[in-house]
Amino acid sequence: MTDVGEMKIDPTRAAALTSQIKSVSERIAAVGKGRNVRLVAVSKLKPANDILALAQPQPESGIEPQFHFGENYAQELAQKAELLPRNIRWHFIGGLQSGHCKNLAKIPNLWCVSSVDTLKKAQLLDRYRGEFISAFTSSSSSSSEVPEKLNIHVQVNTSGEASKSGCAPGSETVELCRAVKDAPNLHLLGLMTIGAIARSVATTAENENEDFVTLKEQRDLVAKELGLVDNLELSMGMSEDFEGAIAMGSDEVRVGSTIFGTRPSKADAKIQE
């Protein structure tokens, strides 16, 4: 990992980011009404400097450091994980390809993979995370640093769109959740959906999103079929609809542009400024 002391943080940029994430956090708290809703700051195509600015303690801001960050591209996540402190909790939220599983599973502080939609991908993540934990354990003298099981959100295609990834609701979702639950190096954290854009745009705290209704039904079905006592998380809601998602019971929201602003093109993005 690079010495983060060498990474420059523009005070003006840091102040803007802090103000924006504080506003989002206040909106989450207002709708959540005391529930603990996790905010994943989606930092894709934004430089590591921005992430560090939010992850560092800022007593004057009145908010806690942000540690949960989401990335859509496996290589970008790996590069940022090398640059930034180990206490950051990375979430891979992009379309998961089988070829990415090995490298992702070997990122020590990868906290969650939120887009598992096939048995093959779950098996690969389990295999490579197990190999990584075993190798790390045998070479490390500090047990406190041993990587943990990977948290997994099973992605459900609640809208039925061919362009969307995810399991079909019903038995397909149940069986994949069962496989993740039984995998020794994975932890079934919950279910995730992205849903239809039109429904997302129309979502408000009063106007229920059909995709969110479906995900709640799938969560309840999985819990019943697998005999789970502990609640499975719902991960639904992004910049456009996170307040409506929270009102419907979401335990996690993924917010990017509302915090970080307009993203550059992938070709123009920089890992570090």
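Numerical summary
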read-out	value
Qualifying residue in the range 130-139 (condition: touching a residue at least 60 places away in the same chain (Cβ under 8 Å) and either assigned to a strand (DSSP E or B) or buried (at least 16 other Cβ atoms within 10 Å of the Cβ) (or both))	no
Residues satisfying the stated conditions in the range 9-44, i.e. at pLDDT below 95, surrounded by 13 or more Cβ atoms within 10 Å (Cβ to Cβ) and outside any helix (DSSP H, G or I)	9, 10
Test set (1) crowded, with 19+ Cβ neighbours inside 10 Å; (2) closer than 25 Å to residue 53 by Cβ - residue 263 fails condition number	(1)
One residue from 118, 173 being modelled with pLDDT of 90 or more, buried (at least 19 other Cβ atoms within 10 Å of the Cβ), over 30 Å from residue 84 (Cα atoms) and not basic (Lys, Arg)	173
From 247, 183, residue being modelled with pLDDT of 95 or more, surrounded by fewer than 22 Cβ atoms within 10 Å (Cβ to Cβ) and either under 21 Å from the mean Cα position of the chain (by Cα) or within 22 Å of residue 121 (Cα to Cα) (or both)	183
Test: residue in the range 13-23 that is free of Cβ contacts under 8 Å to residues at least 60 places away in the same chain and closer than 22 Å to residue 112 by Cα	no
Scan of the range 68-115 for residues that are of a type in the set (Lys, Arg), surrounded by fewer than 23 Cβ atoms within 10 Å (Cβ to Cβ) and in contact (Cβ under 8 Å) with a residue 60 or more places away in the chain, ordered by number	86
Every residue from the range 45-67 that is in contact with a Lys or Arg (Cβ under 9 Å, 6 or more places away or on another chain) and either free of Cβ contacts under 8 Å to residues at least 24 places away in the same chain or surrounded by 18 or more Cβ atoms within 10 Å (Cβ to Cβ) (or both)	45, 46, 47, 48, 49, 50, 51, 53, 67
Filtered residues of the range 229-266 (kept if in contact (Cβ under 8 Å) with a residue 12 or more places away in the chain and aliphatic (A, V, I, L, M))	232, 234, 236, 238, 245, 246, 247, 248, 253, 255, 259
Matching residues in the range 143-201 - criterion: being within 19 Å of residue 227 (Cα to Cα), among the small types (Gly, Ala, Ser) and in a loop (DSSP other than H, G, I, E, B)	170, 183
Given (1) more than 17 Å from the chain's Cα centre (by Cα); (2) farther than 24 Å from residue 134 by Cα, index of the condition residue 85 fails	(2)
Failed criterion for residue 154 (all others in (1) in contact with a Lys or Arg (Cβ under 7 Å, 6 or more places away or on another chain); (2) surrounded by 14 or more Cβ atoms within 10 Å (Cβ to Cβ) hold)	(1)
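The values are calculated or read from the model by the stated rules, or taken from the named source; none is laboratory data. Here the structure is a predicted model, which is why all the values come from computation and not from measurement. Methodologically, a virtual Cβ is constructed for each residue, glycine included, from the backbone with ideal geometry; neighbour enumeration extends over all protein chains shown.
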